[in-house]
Every structure is written in C-alpha cells, then in structure tokens.
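Have a look at the structure below before the remarks.
Nothing in this text is a laboratory measurement; each read-out follows from the coordinates by a stated rule. All of these numbers come straight from a predicted model, not from anything done at the bench. Positions of Cβ are backbone-derived with ideal geometry, glycine not excepted, and every protein chain shown enters the neighbour counts.
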Ligand SMILES: NC(=O)c1ccc[n+]([C@@H]2O[C@H](COP(=O)([O-])OP(=O)(O)OC[C@H]3O[C@@H](n4cnc5c(N)ncnc54)[C@H](O)[C@@H]3O)[C@@H](O)[C@H]2O)c1
Ligand SMILES: [Zn+2]
C-alpha cells in the first residue's frame, strides 16, 4: 500500500517508517521537525520531507494516490502549564482536522491514528464487595499517611486495579490528554461522515531506543534512564507499586503495520500494550540491575494528580488486528538501560 506517514522523524514515527518499509509498503514520510522535539535546526531523516500538516496546500499533493494515512505527528507529554494549550490544540487537533479534510478531498478513506492511554484518565478499579466502581479521588490525609490506593465510593475499602478495555469512559485529565481525545473524536465523526475507516491505537507507556531524554514532556522510563546516566539513583514516587503497561517501540511499530493491513470498518480503538503489567518500582529496578547500579529509592512522596494504576487489556488488538507484543518489558527494559536516547 502507499502510506502517508506523519511524524516520521519522531521517536515512534521513525520506527514505524522502518517497519512499514520492511513490510513492503511504499511510504511517503513527513515531519515538521519541531524544535521543541528535535532542537533548533535539526535535519530530517533521509526520505522524510519537512511538512507541517497544518498546511493544507503542502499536504494536498502528497495525498494523491495514498491508500492509508498513518498519523503519528503530535506534540506530546504532560506539558508544563496552560501556556501549552494552543500548541496541543494546533499540532494535535487543528492539524488532524486539516489532514481529515485533505484526505476527504483526495478520496483517501483509511486512517491509522496514534492515540494514547491518556484518553482514559485513570484505570479501572474493583471493590471486593461492590465490584467495578468509580473510585473516590485520593485524599491528602491518605497520601500523607502512605495510603496510596483509591477507596470504594460506597464502603471506603481500598480498591484493586483491573484491565482497562477500550469501551471504558474517556476522561482526559490534562491538556495533552484533551487534545488526544479530541483527535479521536474528530476522526470518529469523519469516519461516520465519509464512510471511512479509523483505527485509533491507544499506546500505553512506550519505551525503546531514541526515546527523548528527560524533559517535562518525557515518560518515566526516560526520566529514570537520564537519572542513571547522570549518576543519580532513580527516585520512585509513592510506594512504587503503581501498575502500568510498558510496550516496546518495536511492538508499537508492529501494531501500526497490523492496523494498516487489517480489514476494519468505521471507527475502532485498540489498546497497544505488552499485556504484561509491571510496577514502576520494577521498571526502575530492572534498569538499575541491568546497569549494575545501586537500587532505586522509594520516596513515599506523591504528586496529587498522578494516576495510581492504569493497565491495558490487550484482548481486542489480538482478536481484531492479530497484534500481540513480542517484547516482554522485563527483557526490553534491560536492553533499554543502555539504548541511545534522543538529545
Ligand atoms: N511516547 C509515548 O509513550 C506515547 C504514548 C502514547 C501515545 N503517543 C503518541 O505517539 C505519537 C508519536 O509520539 P512520539 O513519542 O514519537 O513523539 P515525538 O515528539 O518523538 O514525535 C512526534 C513528531 O511529530 C512531529 N510533529 C508535531 N507536530 C507536527 C505538525 N504539525 N506537522 C508535522 N509534524 C509534526 C514532531 O516534529 C515529531 O517529530 C504521538 O501522536 C503521541 O501522542 C506516544
Ligand atoms: Zn465497596
């Protein structure tokens, strides 16, 4: 297939580009080479054109003869403060709207969209007595006392985490999350309007070579890695038992290839995850052990807005896309302990 790949110079996009080529697809790669992601004046990878997808006139000729768009471009991360809102809205939402309009104009009917676990807000929780519940927000008194689990809204008992399926409610809790959720909503409405297919891939915690270094926008694995590189011991918040799903960038690329080739109609969302939950303390410990460094420190400190657990259900991606992650995070993180990072 002829594929337009956006964000092709990014951490994930670059790996998706290789995987698409390896699978025999014909890739038209574009990236705006944002200075916030790549530093000032960075050169694009070979074969990647410098295009800002908010620019309809630049996009239109590239969409001629394209069978499917694989849309990775976005401004990522948790952000610093409300000053980031226009950037998220512009690069993530307005850009997606321009892309959808130009796909319509070019008669391109298929979109693979890089979405994120952040659309869920928090994970899924279960009370031993009351079953699935929407837990109470954690109180300062509990957190100060080292009680980090959410409580049941009916009986107040601590609740346990469960796997999050794709039909969980969408409750974005940050500006970035709001912009990723809006991307899905635009894409879903577009698929209804034009009869197109959209596969929204909700990546969980992605890690791997060329992950950006520690910035206010990077993930926890890169933060631990950067701490280790500068000779510091990784500092783990709360009790370290926060559960996540860490998925290797090679598996994320494989999921994109699977989605591109799948016969899905209308809008469908898929968790892209390893299916092997891991705690944040285990993540830090794997990295320290692999490097032969001192073990991480569990600080008991907390940030009130942090999500306690978010663990994905991999079943739908396996069933519909035939995607199963190949890399166990315990192996992948050991390799990541020495992998190159993006400056
Ligand atoms: N890294 C993760 O853990 C993670 C998790 C969930 C979802 N995602 C999603 O995966 C996708 C790729 O993220 P990444 O981690 O590779 O980030 P990244 O910053 O490395 O890559 C994003 C790329 O998009 C480009 N870009 C941004 N705005 C653009 C525009 N208007 N026109 C053209 N190019 C533009 C940037 O220059 C950059 O190269 C994003 O959609 C992100 O939301 C990432
Ligand atoms: Zn209860």
_Of 320, 76, 119, the one that fluctuates the most in a GNM where the chain has Cα springs shorter than 10 Å_ = 320
*For the chain, what is the calculated [θ] at 222 nm in deg cm²/dmol (nearest 500), taking -39500 (n - 2.57) for each run of four or more DSSP H residues and dividing by its residue count?*
-9000 deg cm²/dmol
*Just report the Cα centroid separation between the stretch 144-200 and the stretch 56-77, whole Å.*
26 Å
*Simple label model, 7 Å out from Cα along Cβ direction - residue 81 to residue 235, nm*: 2.1 nm
_Sorting check: for 287-293, 171-177, which peptide has the highest mean count of neighbouring beta carbons within 10 Å, and how do the rest follow?_
171-177, 287-293
*Helix 95-106 versus the longest principal axis of the chain: what is the Cα-based angle in degrees, 0 to 90, to the nearest 10?*
30 degrees
_In nm, spacing of pseudo-spin labels at residue 335 and residue 158 (7 Å Cα→C-beta vector)_ = 3.5 nm
*Cβ crowding within 10 Å averaged over residues, with 331-340, 142-151 ranked highest first*: 331-340, 142-151
